[in-house]
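Working notes, structure below.
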Amino acid sequence: MSQAIEIAPITGAIGAEVLGTNLAHPLSEGELSAVEDAFARHLVLVFRDQDLGIDGLERFALQFGPFGETPFITPVEDHPNVLRVVREADEKGALFGGSWHSDWSFQTCPPSATILYAKDVPAHGGDTAFTNQYLAYETLSPGMKRMLEGVNAVHSAQRSYGPGGTFGRPDPESSMDIHGNEQALESQLHPLVRTHPTSGRRALFINDVYTVGIEDMNAGESAALLGYLLAHSRQISFTCRVRWQPGTLTMWDNRCTQHHAIDDYAGHRREMYRVTVAGEQPVFQS
């Protein structure tokens, strides 16, 4: 590990701050190795006091892989892989990212990581909460683990971006150009428990926003099982909260975490820039 980098855990369950880096310059081989190791151990990494433009954010992200695909939302002009996640002080509509989720889990190959950079944040409020889905799986009973082996969950963007979804119709009052459509009604099966391709550990892979059912179960059965697992997955002992400051960059592993943007800053402005790193199709290895 590079001597210049220090890793300071946020909680015992998840998250760490990375000290001693300047992300405006490419990471050295040693720094990149240290960051990748910390990412594998802590799942959420926070870099403070960074001075990045959009080009710099893209360069940082590409050190971890190609960009993921971002549907339904108009990106930054001339930067098709970058979203401007902004909410003005007087906005009243639904908060983007304001429920527990794993980014774009309805895709065939959901992103491996998301990177979010803070430009303008409230003096207080607007934190993002994260929960460790390795722990969510590992603390299940042996009987529940056996029952979940080989079970597929149904993921869809319908609740968010379908014609009747939260963001299904254009909102002229919104600062973000979100345009849901019929494609959001499509569904994708993923293992309810996925095996991480790097660590080999198993994680629950469900979330409140995009998991709409369980394969071969009726609505009542799905709701009962998912209700239990989702509540279990976000218990306080699995979580951390990241408090944003201008110049904070946070990256997280979508394959083994969920996150939640907290809606507690009405009357204040928040502006962030987001990119995703491409991932692989989730699998379960017995």
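Quick check: is even one residue across region 94-110 modelled with pLDDT under 95 and among the charged types (D, E, K, R)?
The first filter runs over region 94-110 and keeps only residues modelled with pLDDT under 95, leaving 94-99.
So of that shortlist, the ones also among the charged types (D, E, K, R) come out as none.
The answer is no; no qualifying residue exists.
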Query raised in the report: Do you know which residues across region 1-20 are surrounded by 17 or more Cβ atoms within 10 Å (Cβ to Cβ) and either in contact with a strand residue (DSSP E or B) (Cβ under 6 Å, 6 or more places away or on another chain) or modelled with pLDDT of 95 or more (or both)?
Result: 7, 10, 11, 13, 14, 15, 16, 17, 18
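The values are calculated or read from the model by the stated rules, or taken from the named source; none is laboratory data. Quick caveat: nothing in here was measured; it's all calculated off a predicted structure. Virtual Cβ from ideal backbone geometry, glycine too; neighbours counted across all protein chains shown.
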